[in-house]
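The values are calculated or read from the model by the stated rules, or taken from the named source; none is laboratory data. What you are looking at is a predicted structure, and each value in this text was computed from that prediction instead of being measured. Note that each Cβ is placed from the backbone with ideal geometry, even for glycine, and that neighbours are counted across all protein chains shown.
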Amino acid sequence: MFMLLIIYLVLIICIVFIIKLIIKSVNINNVKKYSKLLSELNQLNQIYASKFYPLSKKYFIKNECNSLQKFRINCNDSAIVNFMCLYVKEDENYWKNLCATVHYNNSLYRKYKSYLETIKKIHLGKSYDENSKHFPFLSKKRYLIIEEKLFQDLQLKPIIDLCVILTVSYTSPAGRNRYVCDFQMDVNSIEYVFKKIDERKKFEESVKYQRQLMTNAKRYEILKRDHFCCQICGRTQSDGAKLEVDHIIPVSKGGKTVNENLRTLCHECNQGKGNQYE
């Protein structure tokens, strides 16, 4: 007898639970059907859905180090910026277009949100008063809760920022140990990388940088290429000439320290040429 009562009680609870689910489902469907707010939202979504550009939620970059020392050196903000400068520079236009797309989506999303606020102020809760007969099991307070939740859930959620995950890692030769460090960057971080790239480009075009590239190894490379012979008068060290490496286009006039712009001259020819083109 006691077990029978328990079974009846369980059945009653299940029936009540099912009835509540049915009523909840009916209420939600009626709110979707009669809510002017949701109707306006759907129309707005149809207008804006195709305007937002699709973007990936996350972009993954890997920097696999070949030693534990390099892993430790590369796990700091300065090293991350240096690595990203080299990485982004390989396809700078791609990253600039990506950032431009994010800014476009962001600007469009602000307009979209502005319209959302407007229609919400005008229509939130109004359809309950106009169609109360269709909500026999729903109080206005509960109606507002359902309508507000549906309004939030049905809004477009475009990607309006970058999420770049740079993973710095090192795996020991035997594979027993693996070290991993993740760094997350947004659109502002990537644009900071653009800034650093531009600064480096300007520095690399500077006279100071070009002169720094003229190392002893570079001088020897050019002297050897030119057979240790002045490219103007033909004199060599055996003739008593002091050989120097000359920029054909002077660095002060935009010349670069590259092999095509370098040649061997004796001191006298170099002095005679001065800071002029030939």
Residues in the range 93-122 that are touching an Asp or Glu at 6+ places or on another chain (Cβ under 8 Å) and within 19 Å of Ser189 (Cβ to Cβ) total 3
So, Ser172, is that one touching a Leu at 6+ places or on another chain (Cβ under 9 Å) and either within 17 Å of Lys36 (Cα to Cα) or surrounded by 16 or more Cβ atoms within 10 Å (Cβ to Cβ) (or both) or not? no
Those residues of the range 162-207 which are part of a strand (DSSP E or B) and among the aromatic types (Phe, Trp, Tyr) amount to Tyr170, Tyr179, Phe183
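Determine, yes or no, whether Lys24 is among the charged types (D, E, K, R), free of Cβ contacts under 8 Å to residues at least 24 places away in the same chain, closer than 27 Å to Lys140 by Cα and surrounded by 10 or more Cβ atoms within 10 Å (Cβ to Cβ).
yes
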(Q) Could you go through the range 53-72 and let me know if any residue there is more than 30 Å from Tyr115 (Cα to Cα), part of a helix (DSSP H, G or I) and touching a helix residue (DSSP H, G or I) at 6+ places or on another chain (Cβ under 8 Å). (A) no
Taking the range 83-121 and keeping residues aliphatic (A, V, I, L, M) and touching a residue at least 40 places away in the same chain (Cβ under 8 Å) leaves Met84, Val88, Leu98, Val102, Leu108, Leu116, Ile119
Per the filter on the range 229-253, residues over 19 Å from Lys273 (Cβ atoms) and surrounded by 12 or more Cβ atoms within 10 Å (Cβ to Cβ) are Gln237
All conditions in (1) under 28 Å from Phe203 (Cβ atoms); (2) in contact with a strand residue (DSSP E or B) (Cβ under 8 Å, 6 or more places away or on another chain); (3) among the basic types (Lys, Arg) are true of Lys253 except (2)
Of the residues in the range 128-174 that are of a type in the set (Ser, Thr, Tyr) and closer than 30 Å to Tyr59 by Cα, the one that is modelled with the lowest pLDDT is Ser172
